[in-house]
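Below is one structure, written out as structure tokens, with a few remarks after it.
The values are calculated or read from the model by the stated rules, or taken from the named source; none is laboratory data. Quick caveat, the model's predicted, so the values are computed rather than measured. Cβ: placed from backbone, ideal geometry, glycine included. Neighbour counts: every protein chain shown. SASA here: full protein model, heavy atoms, side chains in, ligands and nucleic acids out. Shrake-Rupley method; radii C 1.70, N 1.55, O 1.52, S 1.80 Å.
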Amino acid sequence: MDKYQKIIAITGGAGFIGSHVLRLFVNKYPEYFIVNVDALTYAGNLENLRDIESKPNYAFEHADICDENKIEELFAKYNFDAFIHLAAESHVDRSITDPLAFVRTNVLGTGILLNACRKHWKDKASDKNLFYHVSTDEVYGSLGETGFFTEETPYDPRSPYSASKASSDHLVMAYHHTYDLPVVLSNCSNNYGSHHFPEKLIPLMINNIKHNKPLPVYGKGENVRDWLWVEDHARAIDLIFHKGRRGEKYNIGGFNEWKNIDLVHLLCNIMDEKLGREKGTSAKLITHVKDRMGHDLRYAIDASKLNNELGWKPSLQFEEGLGKTVDWYLQNEAWVNHVTSGQYQQYYSEQYNKR
Ligand code: NAD
Ligand code: TYD
């Protein structure tokens, strides 16, 4: 381990965004040793990381962040210099049916990691240590027709998911102010791209269009989300991890607002073209269903702080990114089948238990 410049724990590395961040760090920084700390819930899929799992600077640890003893054991084993914390329960609809699972992982789990870092990072002068907390724009609540969330927008979470993420953000900042823990935090808008679990809007619609199943649009479909290519989020995290100011928060977003219904129509058109269907065929599958309880109307991020301070901007136009995303899902049928059948959960026992 001595040959590595830093030992970084990435929590939730088997999930959607975590797997993109992990891949970026493992490939770009052979001088860092990266430990993927993940409980492999329904959302964790080690098949997401097949291409990097044999790299010498990567290790996987099957661990629940709420298990204090396990986190201590991992600190003893790796003496982590930094955390990039993505592990969370992340789906709003699930938070409406099972809110306490979100309180447990997102609030208690984050608290347990913060406590461990506080205990182990004694050298306040060291600039090696950093707790990077990955959060969401949903903590700011819901916008009307106009305006943007800035870093100064007061928190106003409305779903159990966003409330649990807001609590964790507050804990992170409280550990910075109270104990001087080196932290940085980012709040990002909705991500899309490859390896996205098909319970979320875009991958669900792609999968349903492919299989000619109904496309469930909640309510009238007039809710607005601001979509960002997941690899642009990963690049922003890389930049903030290395250059972000301690104790600061940064908004990340694509300046790319879409009404759900317009987005679903766009996806239908892209899929008609890619599947060789007559234009308008897939849109016939659109079915308006009962609205989500407490459904936030509009999210829109002002990412100018990140742009002005660190020079970040999104790299991809939405149509191009959606096209690439659709291609990935069409070319990775096995991945989708494993996820929808539950087979992906065997991958860990088959690959790791035999070692
Ligand atoms: P995801 O649901 O795809 O993955 C979450 C990962 O965390 C999974 O690998 C899961 O196994 C792991 N995990 C869950 N509970 C755990 C626990 N108790 N201990 C250890 N590991 C656990 O989530 P995602 O969409 O990749 O989101 C990652 C992070 O980014 C979350 O913190 C989320 O709030 C935040 N975020 C997501 C979005 C988005 O659009 N998806 C946008 C902004 C911020
Ligand atoms: P989602 O991908 O769950 O992300 P979030 O709720 O965190 O923004 O949903 C994106 C938008 O799409 C949201 O307004 C809810 C809506 N939606 C549907 O209309 N139908 C669906 O089946 C899903 C999953 C979401």
Search result, residues across the stretch 1-24 that are surrounded by fewer than 24 Cβ atoms within 10 Å (Cβ to Cβ), more than 8 Å from ligand 1 (Cβ to nearest atom) and within 15 Å of the chain's Cα centre (by Cα): Arg23, Leu24
Residue in the stretch 171-188 that is in a helix (DSSP H, G or I) and open to solvent by less than 20 Å² (accessible area, probe 1.4 Å) present: yes
Scope the stretch 160-179; condition out of contact with any Phe, Trp or Tyr (no Cβ under 9 Å at 6 or more places or on another chain) and among the small types (Gly, Ala, Ser); matching residues: Ser167, Ser168, Ala174
Top-ranked residue of the stretch 113-137 - restricted to ones that are open to solvent by 20 Å² or more (accessible area, probe 1.4 Å) and not in a loop (DSSP other than H, G, I, E, B), ranked as nearest to ligand 2 (Cβ to nearest atom): Asn115
Which listed residue is within 14 Å of ligand 2 (Cβ to nearest atom), among the aliphatic types (A, V, I, L, M) and modelled with pLDDT of 95 or more, from Leu263, Leu275, Leu330: Leu263
Single condition Asp98 does not satisfy, out of (1) among the acidic types (Asp, Glu); (2) within 16 Å of ligand 2 (Cβ to nearest atom); (3) buried (at least 21 other Cβ atoms within 10 Å of the Cβ): (3)
Number of positions in the stretch 165-205 that are within 13 Å of ligand 2 (Cβ to nearest atom) and either small (Gly, Ala, Ser) or more than 13 Å from the chain's Cα centre (by Cα) (or both): 9
Considering residues of the stretch 28-48 that are within 19 Å of the chain's Cα centre (by Cα) and farther than 24 Å from Ile112 by Cβ only, the residue surrounded by the fewest Cβ atoms within 10 Å (Cβ to Cβ): Glu47
Residue within the stretch 146-164 that is outside any loop (DSSP other than H, G, I, E, B), touching a strand residue (DSSP E or B) at 6+ places or on another chain (Cβ under 7 Å) and closer than 30 Å to Tyr78 by Cα present: no
Counted residues, the stretch 76-91 - those being over 15 Å from Val172 (Cα atoms) and within 10 Å of ligand 1 (Cβ to nearest atom): 3
